[in-house]
1. Could you tell me which residue of region 67-103 is farthest from the chain's Cα centre (by Cα), considering only residues that are touching a residue at least 60 places away in the same chain (Cβ under 8 Å) and surrounded by 14 or more Cβ atoms within 10 Å (Cβ to Cβ)?
2. Here is a check on your reading of the model: is ARG159 over 30 Å from HIS185 (Cα atoms) and out of contact with any Gly (no Cβ under 9 Å at 6 or more places or on another chain)?
3. Going by the structure shown, is ASP207 acidic (Asp, Glu), over 30 Å from PRO74 (Cα atoms) and either surrounded by 10 or more Cβ atoms within 10 Å (Cβ to Cβ) or assigned by TED's automatic domain parsing to the domain that holds ALA76 (or both)?
4. Looking only at region 171-186, how many residues end up being over 20 Å from ARG159 (Cα atoms) and either surrounded by 10 or more Cβ atoms within 10 Å (Cβ to Cβ) or among the hydroxyl-bearing types (Ser, Thr, Tyr) (or both)?
5. Can you tell me which residues in region 142-168 are over 19 Å from GLY84 (Cα atoms), hydrophobic (A, V, I, L, M, F, W, C) and surrounded by 11 or more Cβ atoms within 10 Å (Cβ to Cβ)?
6. Does region 104-123 hold any residues that are in contact (Cβ under 8 Å) with a residue 24 or more places away in the chain and surrounded by 15 or more Cβ atoms within 10 Å (Cβ to Cβ), and which are they?
7. Given the conditions (1) of a type in the set (Lys, Arg); (2) within 15 Å of LEU79 (Cα to Cα); (3) surrounded by 11 or more Cβ atoms within 10 Å (Cβ to Cβ), which single one is not true for ARG126?
8. When ASP245 is evaluated against the numbered criteria (1) among the acidic types (Asp, Glu); (2) modelled with pLDDT of 90 or more; (3) over 37 Å from the mean Cα position of the chain (by Cα), which criterion, by number, is the only one it fails?
Amino acid sequence: MSTGQEPDDPPPPPSQAQAQTDTTPQPPPAASETATSEPPAAAAPREDEAEGPDADAPDSPPLPPKHTAVTPGPRAARLEQLFGSTLRHTLDKVSRDNFGACFPTVAARAPGTLEFVQRQMVDRLRGLCEKEFTSILQSRAVVPKLNELESLLSDAARRKQTSEANNEVPIPPHTLPADAVLAAHLAPHLAAQQSQLNARLQNVQADNVRLFDDIQAQRAEIEALLSAVESVLVDMDGASALLDDVVDDLAQETRTAEMEMSGT
């Protein structure tokens, strides 16, 4: 009779230490809190709908620039693989047995709930870690920099093979004179400045050619105007020479006409 009534009888009151252990984890609220951690975001649209269409909605912030995926090289792929294996080994430590050892009372009375909380916690930790790792890779541009390192190493290996094939002994950088080191550092800057000066020189030369053509055209126009003026002056000189022969006769006729008019 007693064994048949044990499941219906209330459990004996736990001791003070056991009570503290039982009240610490609170697995059912943790499961409900984890499962219902996102509904407040879904309830926000209902409040906006309750305010009506006339409510002033704040302007939405501009969208961030779209991230362009970069194909990871060997080192970037190895880094991602190492992170995945490390994360997997770390989360494997949060096993059901280890999790149940932290909450023995809940493991004994509600193993299904505890297993659900453990599995949900592991999935949540895995998602957060992967999201944070991806964010770090994008903000720090880890993959492009590792790919650039790959290209630098391949270039260095190629140069080393070329120098060895040509029997050229590489010169250690610390043995170079100061002038050579300074020239090596200034060479990119000077090359850029030289290209800019060459472009400006070409522009100035093109402007000079255009101005020279304009001056030549203006000189031709001035010479044409001078020739026209000279022809007009020649015509005026010829006309004045013709008038010199008849000017005396015209003056006499004019005086005679005036005398006749005054005599009458």
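1. PHE103
2. Details: over 30 Å from HIS185 (Cα atoms): no; out of contact with any Gly (no Cβ under 9 Å at 6 or more places or on another chain): yes.
Considered against the rule, which asks whether it is over 30 Å from HIS185 (Cα atoms) and out of contact with any Gly (no Cβ under 9 Å at 6 or more places or on another chain), ARG159 comes out as no.
3. Values: acidic (Asp, Glu): yes; over 30 Å from PRO74 (Cα atoms): yes; either surrounded by 10 or more Cβ atoms within 10 Å (Cβ to Cβ) or assigned by TED's automatic domain parsing to the domain that holds ALA76 (or both): yes.
Judged against the criteria, ASP207 is a match.
4. Filtering region 171-186 for residues over 20 Å from ARG159 (Cα atoms) gives 177-179, 182-183, 186.
Cutting the leftovers down to either surrounded by 10 or more Cβ atoms within 10 Å (Cβ to Cβ) or among the hydroxyl-bearing types (Ser, Thr, Tyr) (or both) gives us 182-183, 186.
Looking only at that region, the number is 3.
5. First, pick out the residues of region 142-168 that are over 19 Å from GLY84 (Cα atoms): 144-145, 147-168.
In the following step, the residues that additionally are hydrophobic (A, V, I, L, M, F, W, C) were identified as 149, 152-153, 156-157, 165.
Across region 142-168, the qualifying residues are LEU149, LEU153.
6. Residues of region 104-123 in contact (Cβ under 8 Å) with a residue 24 or more places away in the chain: 104-106, 110, 113-114, 116-118, 120-122.
Within region 104-123, THR105, VAL106, ALA110, THR113, LEU114, PHE116, VAL117, GLN118, MET121, VAL122 meet the criteria.
7. Of (1) of a type in the set (Lys, Arg); (2) within 15 Å of LEU79 (Cα to Cα); (3) surrounded by 11 or more Cβ atoms within 10 Å (Cβ to Cβ), only one is false for ARG126: (2).
8. (2)
The values are calculated or read from the model by the stated rules, or taken from the named source; none is laboratory data. As the structure is a computational prediction, the values presented were derived from the model and not from experiment. Don't worry about glycine lacking a Cβ; one is built from the backbone with ideal geometry, like all the others, and counts go over all protein chains shown.
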